[in-house]
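**Q** The structure under discussion is supplied below as structure tokens; questions concerning it will follow.
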Amino acid sequence: MSPKPLLGTRFFHLTIIALLLTVSAYVRADVVQLKPDHPERYTVVKGDTLWDISTRFLKSPWHWPRIWKINEQIRNPHLIYPGDVIVLTWVDGQPVLSVERKGTGLPSLPETAGEPVVEKRVDDRTVKLSPQTRSEPLEAAIPTIAPNAIAPFLTKPLAVDQDVLEQAGYITTGLDDRIALGDTSQFYARGLSDEAEEHYQIFRPGNPIRHPDTGELLAYEAMYLGDAQLLEPGDPSKLVVTSVKQEIIPTDRLLAAPKKAALPYYYPHPPKTRVEGRIVSALNAVGEIGPQSVVGISLGTREGIEEGSVLRVMRHVGTHKDPLTRERYNLPDEESGLVMIFRTYEKISYGLIMTATRPMRLMDTVITP
């Protein structure tokens, strides 16, 4: 009897076992796992971030939303404040995290019933009780990550899509033919189509950012130069520089300034689909990339990337020469850390390196965790 069918069957069985092990490993990686030393309760203090709190309980901080129980009786249930107590309980064998407002040990009452009561005397015998609005400043809520780590990058232009660049306004000349513009300099510009806009950001298009594998143009770097205010609409429009970071010259571009800064109160979560991209830029890192560095990745909204998306960074090790055969072979990528996205464009996104087990470099791979 020929041994080939037996070998083929054995190979088939081994292949199935390998696939099952791979699927099993992926499923285990996607299961919510608590840290062995997790607390049962934790009181939030000023300076905490959602990521910090998540890492106290979970091995994978981005799993927080999967076990977070929204208490509809608590005002602003999506936000957490100093003094709140995070409580770990179990429901049907699964861990659940919930919040007790302001350390009372009890869930807050519904919003209408939980307002402070004000006494108002109507006459000598009657006292009227009425609820009073209680304000909770949004600035006091615990952010996902430390705002100062990303605040400079939330509203300033980081990259610009090609179509946006082509439609952006541009500086033609300074008042009295002045070329170099500084603070309070007045200038003329063309291409400002929306006369309702009053405030603008000035930027200079930089190098093109291309996908390292396909060569596709993802965006252009945007060098932020300063701010300007519209004085007189028209063609040309007249503006004045209100703040300057670097010298401004003709041909520099103008974009309408965002209405207000985005606040980093999003929850960390993995992308909805399996994605793979590369680190294509590092904004505040020199050489090797470490924690709290801002990086650009070759994935954007078209791939389903959102603010709060978490990606695993894989260090591209490269090749190695086999000591026996003397042939070069590819080494597998090694896990290096996690990056959380805080700003997205169509084809590129920017994120903050949250954890790093080893230094990272440009062109390292990012994947769905």
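**Q** Once the other residues with Cβ under 13 Å from the Cβ of PRO208 are scored (Lys, Arg +1; Asp, Glu -1), what is the net sum?
**A** Numbers: positive: ARG210, LYS347; negative: ASP161, GLU216, GLU221.
Surrounding charge for PRO208 is -1.
**Q** Right, here's the next one. Tell me the GluC sites (Glu not before Pro) within segment 150-225 that lie in a loop according to DSSP and have at most 12 other beta-carbon atoms within 10 Å.
**A** In loop regions of segment 150-225 (DSSP not H, G, I, E or B), the sparsely surrounded GluC sites (Glu not before Pro) are GLU195, GLU216.
**Q** With all distinct Cα pairs included, what does the Kirkwood hydrodynamic radius of segment 175-292 come out to in Å, to one decimal, could you say?
**A** 17.3 Å
**Q** Relative contact order, percent, of segment 224-369 when contacts are C-alpha pairs under 8 Å separated by at least 6 residues?
**A** Contact order relative to length: 25 percent.
**Q** Using Cα centres only, tell me the gap between segment 290-334 and segment 187-242 in whole Å.
**A** Using only Cα atoms, the two centres lie 33 Å from each other.
**Q** A further question follows. With viscosity set to 0.692 mPa s at 37 °C, what whole-number translational diffusion coefficient in µm²/s follows for segment 292-369 from Stokes-Einstein and a Kirkwood radius over Cα pairs?
**A** Estimated via Stokes-Einstein, D reaches 245 µm²/s.
**Q** Count the net charge of all other residues whose Cβ sits under 9 Å from the Cβ of ILE289, scoring Lys and Arg as +1 and Asp and Glu as -1.
**A** -1
**Q** Listed here are the pairs LYS59/LYS156; LYS69/LYS272; LYS245/LYS347; LYS59/LYS321; LYS46/LYS156; which of them are more than 24 Å apart at the Cα? All intermediate terms of the calculation are to be shown ahead of the outcome.
**A** Working: LYS59/LYS156 34 Å; LYS69/LYS272 21 Å; LYS245/LYS347 27 Å; LYS59/LYS321 36 Å; LYS46/LYS156 27 Å.
LYS59/LYS156; LYS245/LYS347; LYS59/LYS321; LYS46/LYS156, as the Cα separations exceed 24 Å there.
**Q** Pop the C-beta distance of GLU197 and GLU166 into the FRET formula with R0 = 22 Å and round what comes out to the nearest 0.05.
**A** About 0.80, to the nearest 0.05.
Read-outs: derived from the displayed coordinates by stated rules, not from any lab. Because the structure is a prediction, the values reported are computed rather than measured. Neighbour counts are summed over all protein chains in view; Cβ atoms, including those assigned to glycine, are modelled from backbone coordinates with ideal geometry.
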